[in-house]
Amino acid sequence: MAFSESLHSHLMTGTTTLCRAWQVLRRDGTTYGFTDHDNDLTFDGVTFKAETGLTANALEQSTGLSVDNTEALGALSAASVTEVDIRAGRFDGAEIQCWLVNWADVTQRALLFKGTFGELVRVSGGFRAELRGLTEALNQSQGRVYHSVCSDILGGAGCRFDTTQAGYATEIAVEQIERGKVFTFSDLTGFDDRWFERGRLTVLSGAAKGLIGLIKNDRLSASGRAVELWEALPDTLATGDTIRIEAGCDKRAETCRLKFDNFLNFRGFPHIPGDDWLTSYPVSSADNDGGSLTGSGTA
């Protein structure tokens, strides 16, 4: 970390007025500021609130490519971090910066840490947040994988499919919801059975606005339609809230061609040999003439 000359001079006095300030930027654009000082601080257009209960363990950093890691502990507050927001995943992946600040002159500060929130867990009366450094991205897989199914997501940069087309999504009010993940509709019949499986459900209004759930099952019957998510949404979702349901893709070549008419942008390798080809062997009942392996025995 680089200290300015003025901050270095302040540190060399032996009697310092230092504190830590944390800036959290959620993926939805909401910004929070916290400090362990007794009074609020303001710089870079952000007010860092005092008495929020946010503290940090010792920061571990290195000069190599190993991942910097630490933890932040905080108290739940209606004015800052709430249990509902944590359960809704609104802080997952949020960007975070930690500053060492001279509270007597906030122009004297140094950036100690920059990264993202990892796992957030609810603890008694507060929360614990794992902090991940910038080198965390080096742990993620890069490049394409050669397999028969598509490697992109529906509507992604490689897929290029426009999910706003008529017939591939609908917006509807919540009628009935069970266990936070099973939605029942009496009149949602304009789509085939299982049309929304592997799709996405987005909340458009209400206290849970912005939350997204992945669809596990979509069943159409004479009594209506039942859409089930893989995981329950928070209990802030209520009857009457508007949601958007998008068609699902199982990433197979047949689905891309027939359901979405988008085979030119298919990002898989449907003709790559499978494991059964690798384990095939010649048998006496087959015509072993060195031609195609179609019809040969398999292990």
Worksheet, complete the sentence: Going through the range 254-266 in order, the residues found to be assigned to a helix (DSSP H, G or I) and either assigned by TED's automatic domain parsing to the domain that holds Phe196 or in contact with a helix residue (DSSP H, G or I) (Cβ under 7 Å, 6 or more places away or on another chain) (or both) are Cys256, Arg257, Phe263
Discussion item. I'd like to verify a number: residues in the range 235-250 that are assigned to a loop (DSSP other than H, G, I, E, B), crowded, with 20+ Cβ neighbours inside 10 Å and either acidic (Asp, Glu) or out of contact with any Phe, Trp or Tyr (no Cβ under 6 Å at 6 or more places or on another chain) (or both), how many?
Written reply: 2
Worksheet item: How many residues does the range 172-198 hold that are in a loop (DSSP other than H, G, I, E, B) and of a type outside the set (D, E, K, R)?
Response: 9
Discussion item. Given the condition loosely packed, with under 14 Cβ neighbours inside 10 Å, touching a Phe, Trp or Tyr at 6+ places or on another chain (Cβ under 7 Å) and aliphatic (A, V, I, L, M), answer yes or no: does some residue in the range 272-279 qualify?
Written reply: yes
Worksheet, complete the sentence: Expected output for the range 255-276 (first residue in contact (Cβ under 8 Å) with a residue 12 or more places away in the chain and under 12 Å from Val149 (Cβ atoms), partner of a type in the set (Phe, Trp, Tyr) and surrounded by fewer than 16 Cβ atoms within 10 Å (Cβ to Cβ), Cβ below 7 Å, 6+ apart or cross-chain) is Cys256/Phe263; Phe269/Tyr146; Ile272/Tyr146
Worksheet item: Restricted to the range 71-90, and to residues that are assigned to a helix (DSSP H, G or I) and out of contact with any Leu (no Cβ under 7 Å at 6 or more places or on another chain), which residue is modelled with the highest pLDDT?
Response: Asp85
Practice prompt. Confirm whether Leu233 is over 16 Å from Thr170 (Cβ atoms) and within 20 Å of the chain's Cα centre (by Cα).
Written response: yes
Response to the item:
Within the range 126-144, residues farther than 30 Å from Phe34 by Cβ and either in contact with a Ser or Thr (Cβ under 6 Å, 6 or more places away or on another chain) or touching a residue at least 12 places away in the same chain (Cβ under 8 Å) (or both) come out as Arg144
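The values are calculated or read from the model by the stated rules, or taken from the named source; none is laboratory data. Source: prediction; values computed, not measured. Reconstructed Cβ throughout: ideal geometry from the backbone, glycine too, with neighbour counts over all protein chains shown.
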